[in-house]
Amino acid sequence: MKQERGTGTDRVAQPWGTRTPYGPGQPWPARVDMYLADGIKEEEVDRWVRSASVLHSNGDGFDIAVKDEQIVGVRGREMDRVNHGRLGPKDLFGWQANSSPDRLTQPLVRVDGVLVETDWDTAMDRIVEHTRHLLDDQGPSAIGFYTSGQLFLEEYYTLGVIAHGAIGTNHVDGNTRLCTATAAEALKESFASDGQPGSYADIDHADVIALYGHNVAETQTVLWTRMLDRLAGPNPPKLLCVDPRLTEVARHATVHLAPLPGTNMALMNALLHDIIAQGWIDEQYVDAHTVGFADLKACVAEYPPERAADICGLDAADIRSAARLLGTAEKLLSTVLQGFYQSHQATAAAVQVNNVHLVRGMLGAPGCGVLQMNGQPTAQNTRECGADGDLAGFRNWSNDEHIEQLARLWNIDSHQIPHYAPPTHAMQMFRYAEQGSIRMLWISATNPAVSMPELARIRAILGQERVFVVAQDIFPTETTELADVVLPAAAWAEKTGTFTNVDRTVHLSDKAVEPPGQARPDLDIFLDFARRMNFRDNDGQQLPPWTDAESAFEAWKKCSAGRPCDYSAMSYDMLRTRDGVQWPCTADAPDGTERLYAGGSFFSAPDYCESYGKDLVTGAPVEPTDYRALNPDAKAIVKAAHYVRPHEVPDADHPLVLTTGRTLFHFHTRTKTARAPQLQDAAPQPWVEVSAADAARYDISEGDLVEVFTPRSSIRVHVRVSGIRPGVVFVPFHYGYWDTGNPHAQHERAANELTLTDWDPASKQPLFKTAAAGIRKISTGSAPSAAPTNTASAPVDPAAAPATVGTAAATSLDRVVQR
């Protein structure tokens with residue numbers, strides 16, 4: 001463990017902390033990070049309560065400091081397999097939001113157009129009355145549930161049983177549709193089941209790490225810290241970065257490709273073209289463990305680097321250099337995130353990353369893995385438990401036996417579980433609400449009035465009198481302002497439950513403090529609804545039958561047993577003594593499983609698999625008989641697709657491409673991070689990034705106020721001149737209106753005012769990366785106080801310490817102990 005204590009480190013200015021270098025095959029050295037509220041000493045803490053991070057997807061294990069029944073800080077767990085004691089800025093400071101004075105503490109109902117405080121009986125009775133009326137009048141199709149990637153596993157499973165089993169609606173999805181639906185779909189297309197093949201520990205072994213549209217330095221700061229420590233050690237890995245922005249990752253990259261947004265598919269085909277043409281493939285692995293390679297070879301033959309260079313706006317020599325990096329790696333780790341996921345060929349492009357590993361035979365061994373990344377702390381659980389439209393336990397909607405399995409588990413008739421058609425994805429759910437067939441939307445732990453595309457349309461949908469909206473949250477938001485009933489929920493640290501990160505590591509988060517006022521855990525709210533609705537199974541017993549988090553977890557273990565995401569050998573007692581356990585965790589693998597697909601063994605048998613797949617271009621489902629004919633022997637599926645132009649391209653009036661995304665110091669719509677002073681001070685206002693060339697073209701400078709406009713709307717933000725590629729502008733999506741003092745103010749700063757209503761055909765993930773845009777100067781002015789992370793325009797030596805970040809340290813001098 002790093003023993004340096006000193007005076008601490010400013011983790012706004014240095015978000016990744018100090019280096020602990022290590023070499024290939026060595027364990028990552030520990031470094032314990034801790035932050036306590038002013039005046040609190042470590043020895044004065046009354047108790048430390050086990051938990052993990054909830055403001056990003058990495059799953060960092062840490063303990064919550066409690067004094068006088070209040071949260072007063074956090075400390076990383078030295079032995080945790082994910083972070084080895086390290087914490088990122090959102091881990092260190094985000095907990096302060098729990099004690100914000102504007103928490104929702106009492107139910108609200110709308111009376112004569114105004115939300116007024118009420119009691120739980122009145123609020124729940126109104127929901128129950130409306131639910132019963134809609135079931136009698138129209139049936140289950142009138143009701144939709146739109147949830148989050150931030151609840152606990154036990155809450156998702158409960159919601160899935162209520163929605164799919166008790167009510168029988170097909171309209172269930174999460175905001176994970178916006179960020180990582182493509183992760184799940186890409187895995188289903190290649191391996192016929194969800195579940196990440198790789199492990200974070202692959203960073204310790206890889207000699208090449210490829211990051212596709214994954215700004216890990218900002219979205220998963222501790223994971224980037226691990227990569228930085230490898231870069232600072234002996235025999236560092238080489239990095240490939242695919243990103244149109246000059247991020248910290250790009251600055252450290254051996255090869256940085258900055259393609260025009262919307263052209264990832266052409267780039268991936270060119271990379272595979274060169275890998276195959278140069279013979280950098282494992283023919284024995286391909287022949288023994290895959291189907292479909294001949295189609296891929298024929299497809300990518302049409303994409304030499306010169307053709308892709310013309311499409312993507314790149315140099316063909318750089319594409320060849322990237323292909324050589326991938327093709328000659330001895331141990332290759334690849335990660336993928338929003339830069340690939342939020343595009344019109346999202347699934348097709350992400351599948352090609354899987355294909356690189358399949359043709360090279362690099363899966364299931366140390367340093368050889370794929371991580372189709374998640375964007376939220378519990379996005380994996382949403383998918384596992386059936387709260388995103390999938391069936392619980394990675395079961396197949398098109399397999400009648402899988403439906404029967406769930407019916408037996410839940411003790412209901414199989415016809416109650418809707419499987420007459422594919423599950424309704426979120427974009428279609430909002431369309432149905434717009435058209436009037438969905439008449440009740442229960443929204444839990446998410447804020448679609450800021451996070452969904454084309455916000456004017458979303459506000460209009462939620463504001464309809466014919467749509468009854470329930471909003472279940474911990475803070476007032478732009479969405480609660482439009483709700484008919486608002487339910488105050490307990491936050492993380494105020495309830496108990498489990499959650500799973502992207503490399504399948506499960507943590508238990510124990511309750512540390514009481515929720516404020518009348519706020520309740522989401523699990524209790526869902527169970528209360530089920531009891532008031534009097535949902536019953538075939539024996540007349542309550543459905544769901546469990547009563548608390550631990551009994552819900554035990555029920556989930558039975559549901560997961562024998563499936564890819566098998567939790568059957570886990571328990572709360574185990575998770576309280578272990579520092580992260582990876583599923584599958586079974587009697588045969590009681591310590592968990594670090595990597596999937598070792599030896600070419602996949603979850604793709606026709607009778608077992610979660611999905612038969614889809615056409616990557618049209619999204620049409622593959623028929624069961626066709627899948628059985630294609631893959632009778634449970635191999636991996638190599639799928640090919642041709643490049644298709646984006647649906648909205650620049651024109652004379654909108655000559656730029658707008659891309660949106662995340663920034664280091666905020667999460668989603670800032671409902672938590674903006675209430676942590678250090679995080680809000682670091683990035684208080686939205687901005688637009690433009691290249692130096694475009695700044696000169698439009699006569700704008702750093703700090704100027706500009707209007708960014710698309711065919712849908714416009715926003716006003718200040719300029720940052722950065723290393724983004726010319727012709728592309730970037731706006732962070734986090735910023736809405738709740739903290740402006742007037743949530744009904746003129747809508748002029750939220751990035752999703754500009755984005756379009758469109759989605760990838762396979763994953764149904766909406767497009768946040770490819771909108772045609774223009775920019776015009778409004779006034780000369782100073783940039784808002786902030787800590788920009790992408791202002792440097794020159795690459796750095798990968799072996800050097802990372803650049804410090806931003807200028808806000810003067811207003812955020814909180815010191816974090818590292819030891």
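The values are calculated or read from the model by the stated rules, or taken from the named source; none is laboratory data. Every value quoted in this text rests on a predicted model; they were computed, and no experiment measured them. All Cβ positions, glycine included, derive from the backbone under ideal geometry; neighbour counts span all protein chains shown. The accessibility values were calculated without ligands, DNA or RNA, using every heavy atom of the protein model including side chains. Shrake-Rupley method; radii C 1.70, N 1.55, O 1.52, S 1.80 Å.
Note on segment 160-176: residues that are among the hydrophobic types (A, V, I, L, M, F, W, C) and not in a helix (DSSP H, G or I) total 1.
Checked against (1) more than 20 Å from residue 510 (Cβ to Cβ); (2) open to solvent by 20 Å² or more (accessible area, probe 1.4 Å); (3) outside any loop (DSSP other than H, G, I, E, B); (4) in contact with a helix residue (DSSP H, G or I) (Cβ under 7 Å, 6 or more places away or on another chain), residue 43 meets all criteria but (4).
Only a single criterion out of (1) under 15 Å from residue 292 (Cβ atoms); (2) open to solvent by less than 80 Å² (accessible area, probe 1.4 Å); (3) over 23 Å from the mean Cα position of the chain (by Cα) is not satisfied by residue 589, namely (1). Annotation: residue 34 fulfils all but one of (1) surrounded by fewer than 24 Cβ atoms within 10 Å (Cβ to Cβ); (2) of a type in the set (A, V, I, L, M, F, W, C); (3) in a loop (DSSP other than H, G, I, E, B); the unmet one is (3). Selection of segment 496-514 for residues being among the small types (Gly, Ala, Ser), out of contact with any Gly (no Cβ under 9 Å at 6 or more places or on another chain) and not in a loop (DSSP other than H, G, I, E, B) yields only 497. Which condition from (1) in contact (Cβ under 8 Å) with a residue 24 or more places away in the chain; (2) surrounded by fewer than 21 Cβ atoms within 10 Å (Cβ to Cβ) is the one that residue 500 breaks? The single condition residue 500 does not satisfy is (2).
Taking (1) aromatic (Phe, Trp, Tyr); (2) within 30 Å of residue 709 (Cβ to Cβ); (3) open to solvent by less than 40 Å² (accessible area, probe 1.4 Å) in turn, residue 442 satisfies each apart from (2). If you check 496, 547, 477 for being among the polar types (S, T, N, Q) and either farther than 27 Å from residue 51 by Cα or touching an Asp or Glu at 6+ places or on another chain (Cβ under 8 Å) (or both), only one passes: 496. In a residue-by-residue description of segment 605-617, the property of being of a type in the set (Gly, Ala, Ser) and over 30 Å from residue 764 (Cα atoms) applies to no position. Restricting segment 758-791 to residues that are open to solvent by 40 Å² or more (accessible area, probe 1.4 Å) and part of a loop (DSSP other than H, G, I, E, B) leaves a set whose member that is modelled with the lowest pLDDT is 791.
Among all positions in segment 392-401, there is no residue which is over 19 Å from residue 624 (Cβ atoms) and part of a helix (DSSP H, G or I).
Restricting attention to segment 563-612, the residues that are touching a residue at least 24 places away in the same chain (Cβ under 8 Å) and aliphatic (A, V, I, L, M) total 6. Of all residues in segment 518-556, those being open to solvent by 40 Å² or more (accessible area, probe 1.4 Å), in a helix (DSSP H, G or I) and more than 24 Å from residue 570 (Cα to Cα) number 2.
Matching residues to (1) open to solvent by 10 Å² or more (accessible area, probe 1.4 Å); (2) at pLDDT 95 or above; (3) outside any strand (DSSP E or B); (4) not small (Gly, Ala, Ser):
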{"residue": "475", "(1), (2), (3), (4)": "no, yes, yes, yes"}
{"residue": "486", "(1), (2), (3), (4)": "no, yes, no, yes"}
{"residue": "493", "(1), (2), (3), (4)": "no, yes, yes, no"}
{"residue": "516", "(1), (2), (3), (4)": "yes, yes, yes, yes"}
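Summed over segment 592-627, residues that are in a loop (DSSP other than H, G, I, E, B), charged (D, E, K, R) and open to solvent by less than 50 Å² (accessible area, probe 1.4 Å) total 2.
The single condition among (1) open to solvent by 10 Å² or more (accessible area, probe 1.4 Å); (2) in contact with a strand residue (DSSP E or B) (Cβ under 8 Å, 6 or more places away or on another chain) that residue 452 does not satisfy is (1). For segment 208-217, does any single residue satisfy the condition of being buried (at least 24 other Cβ atoms within 10 Å of the Cβ), more than 28 Å from residue 734 (Cα to Cα) and touching a Cys at 6+ places or on another chain (Cβ under 8 Å)? Looking for residues that are buried (at least 24 other Cβ atoms within 10 Å of the Cβ), more than 28 Å from residue 734 (Cα to Cα) and touching a Cys at 6+ places or on another chain (Cβ under 8 Å), one finds none in segment 208-217, hence no.
Restricting segment 557-570 to residues that are open to solvent by 20 Å² or more (accessible area, probe 1.4 Å) and of a type outside the set (A, V, I, L, M) leaves a set whose member that is farthest from residue 417 (Cα to Cα) is 568.
Scanning segment 307-331 for residues that are under 25 Å from residue 187 (Cβ atoms) and either of a type in the set (D, E, K, R) or within 23 Å of the chain's Cα centre (by Cα) (or both) gives 330, 331.
Taken together, 226, 251, 245, 230 contain a single residue that is open to solvent by 10 Å² or more (accessible area, probe 1.4 Å) and of a type in the set (Lys, Arg), which is 245. Restricting to segment 503-529, name every residue that is over 29 Å from the mean Cα position of the chain (by Cα) and among the small types (Gly, Ala, Ser). Within segment 503-529, 517 is the sole residue that qualifies.
The lone criterion from (1) of a type in the set (Val, Ile, Thr); (2) crowded, with 24+ Cβ neighbours inside 10 Å; (3) not in a loop (DSSP other than H, G, I, E, B) left unmet by residue 469 is number (2). Across segment 394-419, the number of residues qualifying as in contact with a Pro (Cβ under 8 Å, 6 or more places away or on another chain) and open to solvent by less than 10 Å² (accessible area, probe 1.4 Å) comes to 2. For segment 50-98, which residues satisfy the criterion of being more than 14 Å from residue 667 (Cα to Cα) and among the small types (Gly, Ala, Ser)? Result: 51, 52, 59, 61, 65, 73, 76, 85.
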